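Have a look at the structure below before the remarks.
The values are calculated or read from the model by the stated rules, or taken from the named source; none is laboratory data. This one's a predicted model, so the numbers in the text were calculated from it and none came from an experiment. Cβ sites come from the backbone with ideal geometry, for glycine too, and all protein chains shown count toward neighbours. Please note that ligands, DNA and RNA were not included when accessible areas were found on the heavy atoms of the full protein model with its side chains. Shrake-Rupley method; radii C 1.70, N 1.55, O 1.52, S 1.80 Å.
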Amino acid sequence: MHMVLGTTFVSALTLAAQSDPFSADAPQTYALIKTDLLKAAEKMPEENYSFRTTPLVRSFAEMIAHVADGQLRMCAVVKGEQVSAKAASKTSKADLIAALKASFDYCDPVYASMTDAAGASQIRWARWDMSKLGLLNWNISHDNEMYGIIAGYLRIKGLVPPSSEGRP
């Protein structure tokens, strides 16, 4: 009897996890980049937030602001809300980390509550029509792209990026 109940419970959990196979992937990959971005923002010393690799590119501070503002806007579109993204107006490490955390706090429930059915709904982003899940995945892609650049800034300053910590 216990074996049947245990098997039934495990089967129910497996079925629940498989009921939204496409949208279930997004929160996992989002969580990975979220951790690395937050650690990178915290790792860079305040005096290097104004650092630019060349005069024509964003400073480290502007990179963090760009991530915070971009993902806040994308998650707002998915939620059907309008938000005012203002991280670009900030320059201090503390203010930018707070803005980055706030953007993650805003996006976390969007990713956590997404289903395949809701994710298939069409929305408008910039000049493109796409699915809600497509935009959430675009956000993940954008976050990863920006993290790759941010990791370069850290390495130039002699710091190991969070995603490489503890590796030989």
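Relative to the longest principal axis of the chain, what angle (0 to 90°, nearest 10) does the C-alpha long axis of helix 60-79 take?
That helix lies at roughly 30 degrees to the long axis.
How many percent of Cα pairs in the chain exceed 20 Å?
56
Along the stretch 27-36, what does the Karplus equation 6.51 cos²θ - 1.76 cosθ + 1.60 (θ = phi - 60°) give for ³J(HN,Hα), rounded to whole Hz, x for Gly and Pro?
With the stated coefficients, the stretch 27-36 comes to x, 5, 6, 4, 4, 5, 6, 4, 4, 5 Hz.
Using a probe of 1.4 angstrom, how much of the accessible area of the chain is carbon and sulfur, in percent?
Looking at the chain in its full context, I get 59 percent from C and S.
Give the lysines reachable from LYS43 as a straight Cα distance under 28 Å; neighbours fewer than 8 places away on the same chain don't count.
Reachable lysines: LYS34, LYS86, LYS90, LYS93, LYS101, LYS157.
Which value in nm describes the separation of the simple spin-label points at ASP108 and ILE123, placed 7 Å from the Cα toward the beta carbon?
Between ASP108 and ILE123, the label points sit 1.9 nm apart.
Using Cα pairs closer than 8 Å and at least 6 residues apart in sequence, work out the relative contact order for the chain, in percent.
28
Counting heavy atoms of the protein chains only and a 1.4 Å probe, report the per residue accessible area for the chain as a whole number of Å².
56
Could you quote the convex hull projected area for the stretch 106-168, Cα atoms only and averaged over all directions, in nm²?
That works out to 6.3 nm², a quarter of the Cα hull's surface.
Report, in deg cm²/dmol and to the nearest 500, the calculated mean residue ellipticity at 222 nm for the chain, where each DSSP H run with n ≥ 4 adds -39500 (n - 2.57) and the sum is divided by the residue count.
Value at 222 nm, helices only, nearest 500: -22000 deg cm²/dmol.
Average projected area of the Cα convex hull of the stretch 25-83, in nm²?
Its average projected convex-hull area is 5.2 nm².
By how many degrees, between 0 and 90 and to the nearest 10, does the Cα long axis of helix 2-18 differ from the longest principal axis of the chain?
With both axes taken from Cα atoms, the answer is about 50 degrees.
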